[in-house]
Amino acid sequence: MVGRQVRAELAYKVRSLNGIWATPPYLHNGSVPTIEALLGPAANRPKTFYLGNREYDPVNVGYRIDELPGGFAFDTTKRGNSNSGHEFNDSKGKEGVIGRLLSPDDRRALVEYLKTL
């Protein structure tokens, strides 16, 4: 019994989606700047974007990512900065796929729903 309790305490705890719209950038390494980009194909996610802007993008749900004087250029092609995981894609057996490919309308509807949490 004690062993099971220890394992449960060490298990990964998923955070609530409440307020997810207010916590960009996304993924464990902050490599996806908006929810819109996260829900789209990984190949379409920005390869480089700027961190440091606090102007919110209410359409794509994240912060603005355009060049920012004094901002930090986040380059997803560098080791440890990859943004290719957790993808919605119809490729069977592809590593990192977590769900089916979302149509633009489905993706927009999901983004609008997540704004309400």
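The values are calculated or read from the model by the stated rules, or taken from the named source; none is laboratory data. Note that the coordinates shown come from a computational prediction; the quantities given were computed from them, not determined experimentally. With ideal geometry, Cβ positions are generated from the backbone for all residues, glycine too; neighbour counts draw on all protein chains shown. In case anyone asks, the SASA skips ligands and DNA or RNA and just uses the protein heavy atoms, side chains included. Shrake-Rupley method; radii C 1.70, N 1.55, O 1.52, S 1.80 Å.
Annotations
- Within the accessible area of the stretch 42-111 (1.4 Å probe), percent carbon and sulfur: 52 percent
- The slack in the chain from residue 77 to residue 47, taken as 0.36 nm per residue of separation less the alpha-carbon distance, amounts to 10.1 nm.
- Extending 7 Å from Cα along the Cβ direction at residue 109 and again at residue 54 yields two label points whose distance is 3.7 nm.
- Summed side-chain charge close to residue 27 - residues other than residue 27 whose Cβ falls under 12 Å, Lys, Arg +1, Asp, Glu -1: 0
- Expected 222 nm ellipticity per residue - DSSP helices of 4 or more, -39500 (n - 2.57), all of the chain, to 500: -6000 deg cm²/dmol
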